[in-house]
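Notes for the one structure printed next.
Where a number appears in this text, it was derived from the coordinates with a stated rule and is not lab data. Model, not experiment: these values are computed from the prediction. Note that we place each Cβ from the backbone using ideal geometry, even for glycine, and neighbour counts take in every protein chain shown.
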Amino acid sequence: MLVIHPPIASIADSTRMRPNELNRQVEESRVQSVFEKLSKGLAVAALVCGVFAASPAAADDPAFITGGIGYYDFNRQTDDSAELRLEYRSDHKIWELKPFVAISGTTNGSVFVGAGVLMDLYFGNRWVLTPSFAPHYYHEGSSSKKDLGHEIEFRSQIELAYRFDDRSRLGLSVSHYSNASLSDNNPGSETVMINYSIPTTSLFE
């Protein structure tokens, strides 16, 4: 019996993945990994929230304007500088999660603009622990010494704040910027910051 085999080169061509298609699949895999991690994090947050949401202190907290100043890249110190930040923290709740928007800049010229969700966990009437997560658009500063690797950077943060009688807060936060491996270059950066949150109700009285 005569068996005709197709040329080896044609087999290789048919099974070889095109570079563009491979890059697309890798990118989709990375994005999927980011959303899976986010979903797990929010699920844990919602579970923890059920323990603390019943606190009387949570009942009437207003929206906040939050200003902060801190030490950018304090951990690695390859691009250390001052970071200034301004946030609007809404009092509207989505399953105990509150939306917020943020803009910040470093003295090296880098800029971050983002929006995400936070959750206030109350310990008595005075102390508030606030974890948050927000995707940010990142623009590298002209005098920056470190490229964070991608225009999309995810900011995760934990803040512990003291709550005054007028409901304003003075807090200390630690945040981490990462592109979650959307790029092969993902050095990350951390900021430690002092924040002061002013109720919007007191601004417009």
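A compact table of results
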read-out	value
Amide hydrogen neighbours beyond the local backbone of SER110, cut-off 5 Å, H modeled	GLY141
At R0 = 22 Å, FRET efficiency that the Cβ-Cβ distance of LEU129 and PHE204 yields, to 0.05	0.20
Hull volume in cubic angstrom per residue (convex hull over the Cα atoms of the range 140-205)	119 Å³
Inter-label distance, nm, simple model (7 Å from Cα along the C-beta direction), ALA82/VAL192	1.8 nm
Alpha-carbon Debye profile of the range 66-165, log10 I(q)/I(0) at 0.11, 0.20 Å⁻¹	-0.37, -1.05
Gained length - ASP184 relative to HIS92, 0.36 nm times residue gap less alpha-carbon distance	29.4 nm
